[in-house]
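A.B. asks: The structure that follows is given in the form of structure tokens.
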Amino acid sequence: MKKLLLLSLLSVAFSVKAQIGSTKNFGDPDSKWTFGGSAGLGGSFGSNNGGTSVYISPRIGYMLTESLETGLASNFTWTNAKYYSSSTVGVGPFVNYYIGRNFFLSGMFQEYFFNQKNKLTNVKYSGDEAALYLGGGYMQKIGDRAYMQIGGMYNVLYKEDKSVFGSGFIPSIGVVFGL
């Protein structure tokens, strides 16, 4: 059931993004739609568990007012190391409040679905975990209606002894178009 819900939410997000991207008026200054996200590639090399990780986090939003935005964010992380591999998919709503186009406050709920494998023991683990992130940061204008956002968020549902994540804090750097 959870996989069906995840697939439904992702397909809605991508179909909305595809529809918006194909309209002539998306770049229109009067458009209330926003889109953006972040991506990353990491790696560690050498004799100590060398590996690679890939992270992508697209998001689409709608400006309810000049300062209040809501939308849907998703993310995918894939990691492959010498002794360990994992993949994580997350999806959920977000809300941002913009303060003078220089600062923002943010809240985001994510439901994560993950698969992990210990390559030494061949033990596999799958599950899900909810996260409610609260935070904020600074915005820098980088173009017409485009901003880079730099900030951080903390998962208020994080429990150190029960979470698959190493920390409740996540730094964030991303780009948003359409503000």
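The values are calculated or read from the model by the stated rules, or taken from the named source; none is laboratory data. These figures come from a predicted structure and were not determined experimentally. Here the Cβ positions follow ideal geometry from the backbone for every residue, glycine too, while neighbour counts run over all protein chains shown. Remember, those area values only see protein heavy atoms, side chains included, never the ligands or the DNA or RNA. Shrake-Rupley method; radii C 1.70, N 1.55, O 1.52, S 1.80 Å.
A.B. asks: Just one of the numbered conditions (1) buried (at least 17 other Cβ atoms within 10 Å of the Cβ); (2) closer than 19 Å to VAL175 by Cα is not true of TYR62; which one?
C.D. replies: The failed condition is (1).
A.B. asks: Kindly indicate the residue of region 106-120 that is out of contact with any Leu (no Cβ under 8 Å at 6 or more places or on another chain) and open to solvent by 30 Å² or more (accessible area, probe 1.4 Å) and also nearest to PRO29 (Cα to Cα) among those meeting that condition.
C.D. replies: ASN115
A.B. asks: Another one. Can you list residue pairs whose Cβ atoms sit under 9 Å apart, with the first residue in region 52-67 being over 23 Å from PHE114 (Cβ atoms) and the second being acidic (Asp, Glu)? Count only pairs 6 or more apart in sequence or on different chains.
C.D. replies: From residues that are over 23 Å from PHE114 (Cβ atoms), the pairs are GLY61/GLU69; TYR62/GLU69; MET63/GLU69.
A.B. asks: Moving on to the next point. How about region 31-51: which of its residues are under 26 Å from ASN118 (Cβ atoms) and either modelled with pLDDT of 95 or more or surrounded by fewer than 16 Cβ atoms within 10 Å (Cβ to Cβ) (or both)?
C.D. replies: Of everything in region 31-51, those that are under 26 Å from ASN118 (Cβ atoms) and either modelled with pLDDT of 95 or more or surrounded by fewer than 16 Cβ atoms within 10 Å (Cβ to Cβ) (or both) turn out to be GLY40, LEU41, GLY42, GLY43, SER44, PHE45, GLY46, SER47, ASN48, ASN49, GLY50.
A.B. asks: For residues in region 121-173 being within 17 Å of THR34 (Cβ to Cβ) and outside any strand (DSSP E or B), which is least open to solvent (accessible area, probe 1.4 Å)?
C.D. replies: The qualifying residue least open to solvent (accessible area, probe 1.4 Å) is ARG145.
A.B. asks: Given the criteria surrounded by 14 or more Cβ atoms within 10 Å (Cβ to Cβ) and either over 30 Å from SER44 (Cα atoms) or touching a residue at least 40 places away in the same chain (Cβ under 8 Å) (or both), does GLY100 qualify?
C.D. replies: Spelling it out, it is not the case that GLY100 is surrounded by 14 or more Cβ atoms within 10 Å (Cβ to Cβ) and either over 30 Å from SER44 (Cα atoms) or touching a residue at least 40 places away in the same chain (Cβ under 8 Å) (or both).
A.B. asks: While we're here: Pairs, please: C-beta under 6 Å, at least 6 apart or cross-chain, first residue β-branched (Val, Ile, Thr) and in region 141-152, second in a strand (DSSP E or B) and surrounded by 12 or more Cβ atoms within 10 Å (Cβ to Cβ)?
C.D. replies: ILE142/MET148; ILE150/GLY137; ILE150/TYR138; ILE150/ILE173
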